[in-house]
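Beneath this line is the structure, given in structure tokens, with notes to follow.
The values are calculated or read from the model by the stated rules, or taken from the named source; none is laboratory data. Everything quoted here is computed from the prediction, not taken from an experiment. Here the Cβ positions follow ideal geometry from the backbone for every residue, glycine too, while neighbour counts run over all protein chains shown.
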Amino acid sequence: MTHAKAFPPEFAARMKNVMEEYIAFNRVLGLRVESMDPKAPKMRFDMRPELVGNPARKILHGGVISATLDVVGGFAIMMRMLSKMEPQEVAKGGFPNMGTIDLRVDYLRPGRGKHFIATARVVRMGNRIAVTHMELENDTAELIATGSAAYVVG
């Protein structure tokens with residue numbers, strides 16, 4: 001059963017804390033939850049000198065791009081799985097178990113910008129495997145990279 005509802009505020013705050021603070025690598029990247037829309041959640045990060053891969057060109061490191069797309073893909077699956085749960089199940093606070101099994105990234109433009117927004121959509125949600133499509137745009141809505149990934153879930 002799919003619920004067209006917002007998550008309870010206490011759950012949303014806890015999910016935001018998990019994604020931004022509890023997962024140390026997300027904290028290193030500076031990822032922030034921009035939207036918890038189960039159909040297309042978004043994460044944002046600001047450009048910082050530590051994320052530059054080419055100092056002469058001052059563009060994002062490709063690993064930052066791929067890692068961000070991987071994180072937002074997993075976030076989309078989490079949001080989809082949680083949106084199908086009953087409110088009392090969500091309130092218990094368990095988070096889905098998952099892992100990346102395949103990741104493909106297409107680097108379309110140099111990673112220039114003041115900040116970046118990553119969006120993901122679940123393409124297929126099976127019992128054991130989920131597939132996502134992800135996009136990374138800069139602050140002027142220029143598409144920097146796209147990706148697709150498969151995750152084992154459950």
Check the range 3-26 and report whether any residue there is modelled with pLDDT of 95 or more and surrounded by 16 or more Cβ atoms within 10 Å (Cβ to Cβ). yes
Is there a residue being within 17 Å of Gly30 (Cα to Cα), of a type in the set (Phe, Trp, Tyr) and outside any helix (DSSP H, G or I) anywhere in the range 113-123? yes
Scan the range 44-65 and tell me whether some residue there is among the aliphatic types (A, V, I, L, M) and within 20 Å of Val122 (Cβ to Cβ). no
Name the residue that is nearest to Ala150 (Cα to Cα), counting only residues in the range 22-81 that are among the basic types (Lys, Arg) and in contact (Cβ under 8 Å) with a residue 24 or more places away in the chain. Arg80
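Give the residues of the range 24-75 that are among the aliphatic types (A, V, I, L, M), part of a loop (DSSP other than H, G, I, E, B) and more than 14 Å from Ile117 (Cα to Cα), sorted by residue number. Outline the logic, then answer.
Just the residues of the range 24-75 that are among the aliphatic types (A, V, I, L, M), to begin with: 24, 28-29, 31, 33, 36, 40, 43, 47, 51-52, 56, 59-60, 64-65, 67, 69, 71-72.
Checking the rest, the ones that are also part of a loop (DSSP other than H, G, I, E, B) come to 31, 36, 40, 47, 56.
Of everything in the range 24-75, just one residue is among the aliphatic types (A, V, I, L, M), part of a loop (DSSP other than H, G, I, E, B) and more than 14 Å from Ile117 (Cα to Cα), namely Ala56.
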Residues in the range 30-49 that are more than 22 Å from Asn17 (Cβ to Cβ) and modelled with pLDDT of 95 or more: how many? 2
